[in-house]
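Taken together, the values in this text are just the output of simple stated rules run on the coordinates, not laboratory data. If you're wondering where the values come from, they're calculated on a predicted model, not measured in any experiment. Here the Cβ is made from the backbone with ideal geometry for all residues, glycine too, and neighbour counts use every protein chain on show.
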Amino acid sequence: MKRIIILLLTLFTLNTAVDAQYNTQSEHFNNPELLLDYVQDCANFWSGVEDTSYGGFFTDIGRSGNILNSSTKGLVSLSRNAYGFSRAFMMTGDTSCLLKVKGSIGLKFYESTPMGHHLRRVVCK
């Protein structure tokens with residue numbers, strides 16, 4: 001009797017593990033080449049709001065890409081930009097995205113000053 005119970009439990013466990021596999025239904029997951037135009041559009045959008053004077057990317061921007069506040073940059077946003085441009089390079093092979101990654105992470109660290117904490121530029125080589 002114990003053997004039958006163990007056999008049934010084993011079969012049930014194996015059957016559950018096989019049924020737990022998820023099959024993707026999205027055509028974009030099944031064919032990532034459909035995302036290339038979207039990825040390139042996103043890279044072009046964020047390239048337009050790069051701060052060429054001090055490095056990094058502006059955070060407060062409008063939907064059309066206009067800069068609403070040129071003194072706002074955020075650490076989380078800069079990290080997302082670095083990730084986004086590195087993924088854009090991996091998917092498209094566009095080497096200009098690598099320069100944008102350097103521009104994004106070059107301004108990512110805080111410096112303590114008498115007036116408080118400020119972002120400071122770190123040279124990336």
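A few points about this structure:
- When region 35-70 is limited to residues that are of a type in the set (Asp, Glu) and over 14 Å from residue 103 (Cα atoms), the one that is surrounded by the most Cβ atoms within 10 Å (Cβ to Cβ) turns out to be 60.
- When residues of region 71-103 are limited to those that are small (Gly, Ala, Ser) and touching a strand residue (DSSP E or B) at 6+ places or on another chain (Cβ under 8 Å), the one surrounded by the fewest Cβ atoms within 10 Å (Cβ to Cβ): 77
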